[in-house]
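Everything on this sheet refers to the single structure shown next.
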Amino acid sequence: MQKSRHYLYTETLIKRILPDDYEVSSIQQEFYRLEAGLSGEVKLKQALSDYFFKTEYHIIYNFECINENGFSHQIDAILITPFFVLIFEVKQLSGALFYKPGQHEFFRIHNDKRENFRNPLDQVYRHQLFLEQCLRKWQINIPVYFAVVIANFQATLDASLDKFPIFHISGVPSFIENLYCTTSKTNANIDVIFAKLNQLYNPLPPRRFISPNRLRKGVLCKQCNFENTMYYHYGLFICNFCNLKSRSALFETFYHYRTLISEKITNQQFREFFGIQSIQAASKLLVRLGLERHGTKKGTYYIIPEDILQWEERRPRKARIK
Ligand SMILES: [Zn+2]
């Protein structure tokens, strides 16, 4: 499952935000929501993987792009068949869900409390209009439908939602079956639609940015739930609390730096963030790692690659100099 940049940013942020920061609990709560959203998407993926498609198909999960007006679209899943295109919006809502269609008002009652929500039907309708417009522009004729899928089986859907394509995840197969029955095969080439959408795909940046001075510095011990700082000793990072000796902590910290601050890092920034005093030791480490180096003398910086976490398995190699 492709995780959004916002998810990765928030996931890393909760490990790094200073414990007394005024936003700690709101960031933590946001991460719980993102995790719930992701688990809903995983459930949809399972339901679709278990379904026997009657035709060839493509599915794109977590599609993100910016439209011509400069606004973003984040679509949980797009199913492309030769008969139709179907957009899924997954919701992990609990409680009893209600709808006032005339007013486009969507609300739930949970623990005797009434709460209004952003209308998911309108949200996904907006995606539908966008995809229809793209297909027109590409001169592809195929109908676009949408469905709002409730991933929490304990949620109850009121009769006011009866006329709308919103249902529990278990209803996905019959909804697709029904679309196959009520539509007919088009001349659309699903490989072309798939390729065009992939061209349009543009991962959205995180929805927030926290200034680096609100972050904890140092190489933090995973085994201690990122609460304790490790120190550098002959190529390894060591935790004084649990005695963990780790080489991978270096790569994790690079990943944190890249996700939260920048993909570029200078020797000085490296020493400050990783808590290494000696310039020589830092230089040696950076060179031995083989990070791509740019600039000269004081302007030298290194690029932390996107797959830095996988570098752990690699052997140290000679520096690449560009
Ligand atoms: Zn530890």
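In the chain, the longest principal axis of the Cα atoms and the axis of helix 5-16 are about 40 degrees apart. Given R0 = 51 Å, the distance between the Cβ atoms of GLN139 and ASP162 translates into a calculated FRET efficiency of 0.90. Taking the charge dipole of the chain about its Cα centre, with +1 at Lys and Arg Cβ atoms and -1 at Asp and Glu Cβ atoms, the residue from ALA195, THR10, PHE146 reaching farthest to the positive side is THR10. Each 10 Å bin from 0 upward holds the following percent of the Cα-Cα pairs of the chain: 5, 21, 25, 21, 17, 10, 2, 0. Return one number: the angle in degrees, 0 to 90 and rounded to the nearest 10, between the long axis of the Cα atoms of helix 120-137 and the longest principal axis of the Cα atoms of the chain. Tilt of helix 120-137: around 90 degrees. Share of carbon and sulfur in the accessible area of the range 77-196 stands at 51%, probe radius 1.4 Å. For the pair LEU8 and ASN116, a Förster radius of 30 Å applied to the C-beta separation gives a FRET efficiency near 0.50, rounded to the nearest 0.05. A cut-off of 5 Å between modelled amide H atoms, ignoring neighbours fewer than 5 places along the same chain, links LEU157 with LEU97. Kirkwood analysis of the Cα pair distances in the range 217-313 returns a hydrodynamic radius of 13.6 Å.
In the elastic network of the chain, a GNM with C-alpha springs shorter than 10 Å, the most mobile of GLU30, GLU89, GLU105 is GLU105. I need the shape label for the range 30-152. Rule: rounded when a/c is under 1.5, else prolate if a/b > b/c, else oblate, with a, b, c from the alpha carbon gyration tensor. Here the range 30-152 falls in the prolate category.
Expressed as a fraction of 2.2 N^0.38 Å, the C-alpha radius of gyration for the range 1-78 is 1.41.
Between amide H atoms placed 1.01 Å from N, distances below 5 Å from PHE146 occur with ILE87, all of them 5 or more places distant or on a separate chain. Across GLY295, GLY275, GLY171, mean-square fluctuation computed from a Gaussian network of the chain (C-alpha pairs under 10 Å connected) peaks at GLY295.
Normalising the average separation of contacting C-alpha pairs (under 8 angstrom, six or more residues apart) by the number of residues puts the relative contact order of the range 178-322 at 18 percent.
With the helix formula -39500 (n - 2.57) applied to DSSP H stretches of n ≥ 4, the chain reaches a computed 222 nm mean residue ellipticity of -11000 deg cm²/dmol. Taking Cβ atoms as reference points and 11 Å as the exclusive limit, the residues near ILE166 contribute a net charge of -1, counting Lys and Arg as +1 and Asp and Glu as -1.
Over the chain, what is the mean sequence separation of C-alpha contacts under 8 Å (at least six apart), divided by residue count, expressed as relative contact order in percent? Walk me through the numbers on the way to the answer.
On the way: 494 pairs, mean separation 50.4, N = 322.
It rounds to 16 percent for the chain.
The values are calculated or read from the model by the stated rules, or taken from the named source; none is laboratory data. Quick caveat: nothing in here was measured; it's all calculated off a predicted structure. As a convention, Cβ positions derive from the backbone with ideal geometry for all residues, glycine included, and neighbour counts pool all protein chains shown. Each accessible area value is taken on the protein alone, full model and side chains, heavy atoms only, with ligands, DNA and RNA left out. Shrake-Rupley method; radii C 1.70, N 1.55, O 1.52, S 1.80 Å.
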